[in-house]
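Since the structure comes first, as structure tokens, the remarks are kept for the end.
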Amino acid sequence: SDPSFAPWRLEAAKRSYSSTISLPLVVEGQTFGMLAIYSMEVGAFDTEEAKLLSDLAVDLSFGIQSLRAAKAKHQAEEALRRSEANYRTLIEQSVDGIFLVSPEGRFLDANTAGCQISGYAREELVGLRVAQVITSEDLPEMSTSMAEVLAGQTVQNEWRCRRKDGSIFIGELRTRRLPDGRIL
């Protein structure tokens, strides 16, 4: 008999509905849906039942919010995995050697090309001091360059480097400090 129910009255009568309760589904103050329960009994939802169903709607809202948050987290993690895979592919497929060095001058990582150029496996290179692969003649220049890099400058130079087998090659280096302090 509620006038605001007029648009649904005919369909409710076809199904023999005599009463209904509508409960909002709310997340963070925003209504995103509604739980509607119909009954063939007139006045089927007393105060106690309405309170119980209202609590159910709150629990249902929380469950839906939790499912949506889990889905969003999964999607974000998947996007991060794809991004990391793309980054790793980019770095690993580079024909240039790329080295990551600690501020103290120890190798932290290198790409495949860097390992091939130096003759070291990644596991052998990690932990070595950069000074161990630079010829003694270039060590004074390296110290000056590292000071400039640590001061925030990008430095480009050529150093004579020693491969694992002892052979010498000229390395053209473009070196800079990353925001986290590591050196690229």
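Structure summary
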item: Förster radius 35 Å - calculated FRET efficiency between Leu67 and Gln116, Cβ distance, rounded to 0.05; result: 0.15
item: Given charges at Cβ of Lys, Arg, Asp, Glu: region 10-131 dipole, positive-most of Pro103, Val130, Ser19; result: Val130
item: Cα shape, region 65-112, gyration tensor, a/c 1.5 rule; result: oblate
item: Debye, to nearest 20: dipole size of the chain, +1 on Lys, Arg Cβ, -1 on Asp, Glu Cβ; result: 440
item: Hull-based mean projected area of the chain, where the convex hull spans the alpha carbons, in square nanometres; result: 18.9
item: Solvent exposure of the chain as accessible area per residue, Å², 1.4 Å probe; result: 68
item: Neighbourhood charge, 13 Å Cβ-Cβ cut-off, centred on Tyr87 and excluding it, Lys, Arg +1 and Asp, Glu -1; result: 0
item: Per-selection Rg to Rh, region 1-61 - Cα, Kirkwood hydrodynamic radius; result: 1.01
item: Formal net charge of residues neighbouring Asp96 (Cβ-Cβ distance under 10 Å; K, R +1; D, E -1); result: 0
item: Whole-percent carbon and sulfur share, accessible surface of region 25-151, 1.4 Å; result: 58
item: Reachable aspartates and glutamates, given that their alpha-carbon falls under 17 Å from the alpha-carbon of Lys51 and they are not under 8 places away in the same chain; result: Asp59
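The values are calculated or read from the model by the stated rules, or taken from the named source; none is laboratory data. It should be emphasised that the depicted structure is a prediction, and the values quoted were computed from it without experimental measurement. FYI the Cβ positions are ideal-geometry reconstructions off the backbone, even for glycines, and counts take in every protein chain you see. Each accessible area value is taken on the protein alone, full model and side chains, heavy atoms only, with ligands, DNA and RNA left out. Shrake-Rupley method; radii C 1.70, N 1.55, O 1.52, S 1.80 Å.
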